[in-house]
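The structure appears right after this line, and notes come after that.
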Amino acid sequence: MDQQAVATLLTPEGWALLESLPPYDEHGAMALGEQLRRAGHAPELVSAALTQSRLRAAGERKFGPFAAGMLFTPAGLEQATRLPVAARHAARFATAGATRVADLGCGIGGDAMALAGLELGVLAVERDELTAAVATVNLRHWAEAEVRHGDATTTDLGDLQAAFLDPARRTSSGKRLLDPRAGSPPLSFALELAATMAAVGVKTAPGIPHHLLPDGCEAQWISVDGDVVEAGLWFGLAARPGVRRCALVLSDAGAAEVTDADMPVAVPGEVGAYVYEPDGAVIRAGLVAQVAVQVQGRLLDRSIAFVTADRYVETPLATCFAVEEVFPFGLKSLRTWLRDRGVGRLTIKKRGTAVDPDQLRKQLRLQGDNEATIILTRVSGRQSVLVVRPLRRAGAGVPA
């Protein structure tokens, strides 16, 4: 999706064609394209409209029904904040008392849409000209939203007292950057804004090391349906007093959060009847001990992010498994165990072990019609195999 394709769609004919298309069907796209060309539409317009229709269908995952009226670029869609997450960002600024927010590095406008949806004024700045044009289309319904094509670091922000930054986090070769100091704009620019503004937020990679967290910020890791999507750094009035690290878990069942406001001590112990695998956001935030306390459990090992408990306790912060058997790890003993039970399909989960699951699966020479799930991990320092049965995620009821 290049600038010419977007320009083609923004003509009266182009927009009318795009809006007239049926829901995207990958299998019927080629036939539909041929039909539209036979009807007299220019090939470049047909190509642009069908590409945009495909992107809109993919965009539903992040933007729900709003995607049907938006424009996308492939890179813009990939990097855009999911609307439920953007709504959480916007709520922080509203709670902080902001009335107008600078969205610096606005991309296709996802966060700016959420801010405008809360009736906050928005100055959205994007340095890529095509992406800025797409953001302008996506923000067309909100008169209080202004899009500027420019560099966030040199844009005159006037007397604005709130800003949200979504720095570019890839190198020119496409490699992901985990260090926010190497982003564009870099973390140093965000810190300069935080020193003068009342409320500042920075979206960064969820893999950010804890030692890079700036002093005085609240770091929040967010997962959506089990996928850790970001870490947000919040400063000033956008940060909550007493919270340094937190994890927010969003799913169809709702939202759950755990913070480091209280730091319990969790100790390792024997394997109980259940094992809990904390959500990735909880692990990234370093808050596994809070899950152990919540389920009245203990750690399998001091350095491993698995929790065990003697009874089932519902929590949206972890996936629960019933433990059926535990034995020391050994290739021969594991192979025998699986062969005796006719296991031909095996799910392997691991943490705290150098075993490669794909290589192990080949070595096990699985045969049979049955299936099993195992966890390879350390239990009080010993390499162990836990044979487990996955239970329904919390919120679906107590397992039978």
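Read-outs: derived from the displayed coordinates by stated rules, not from any lab. Computed from a predicted structure; not experimentally measured. With ideal geometry, Cβ positions are generated from the backbone for all residues, glycine too; neighbour counts draw on all protein chains shown.
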Check: For the range 372-377, in order, what is each residue's ³J(HN,Hα) by Karplus, 6.51 cos²θ - 1.76 cosθ + 1.60 with θ = phi - 60°, in whole Hz (x at glycine and Pro)?
Finding: 8, 10, 10, 10, 9, 7
Margin query: Looking only at the chain, where both bridge partners belong to it, what percent of the DSSP beta bridges are antiparallel (to the nearest 5)?
Written below: 60 percent
Next item on the list: Classify the range 3-59 as rounded, prolate or oblate from the Cα gyration tensor: take a ≥ b ≥ c as the square roots of its eigenvalues, call it rounded if a/c is under 1.5, otherwise prolate when a/b beats b/c and oblate if not.
Entry: oblate
Item checked: Overall form of the chain per C-alpha gyration tensor (a/c, 1.5; a/b vs b/c) -> oblate
Checklist line | Span from the the range 367-386 Cα centroid across to the the range 285-348 one, whole angstrom | finding: 8 Å
Margin query: Given an 8 Å cut-off on Cα distances and at least 6 residues of separation, report the relative contact order of the chain as a percent.
Written below: 8 percent
Check: Going by alpha carbons, how many degrees (0 to 90, nearest 10) lie between the helix axis of 331-340 and the longest principal axis of the chain?
Finding: 90 degrees
Next item on the list: Rounded to the nearest 500, what is the 222 nm mean residue ellipticity of the chain from helices alone, with -39500 (n - 2.57) per DSSP H run of 4+ residues and division by all residues?
Entry: -9000 deg cm²/dmol
Next item on the list: Please work out the C-alpha center-to-center distance from the range 1-59 to the range 219-258 and express it in whole Å.
Entry: 38 Å
Checklist line | trypsin sites (Lys or Arg not before Pro) within the range 239-305, DSSP loop, no more than 15 other Cβ atoms inside 10 Å | finding: Arg302
Item checked: the range 289-384, relative contact order in percent, only Cα pairs under 8 angstrom and at least six apart counted -> 29 percent
Checklist line | FRET efficiency for Ala168 and Glu19, using Cβ-Cβ distance with R0 set to 45 Å, rounded to 0.05 | finding: 0.90
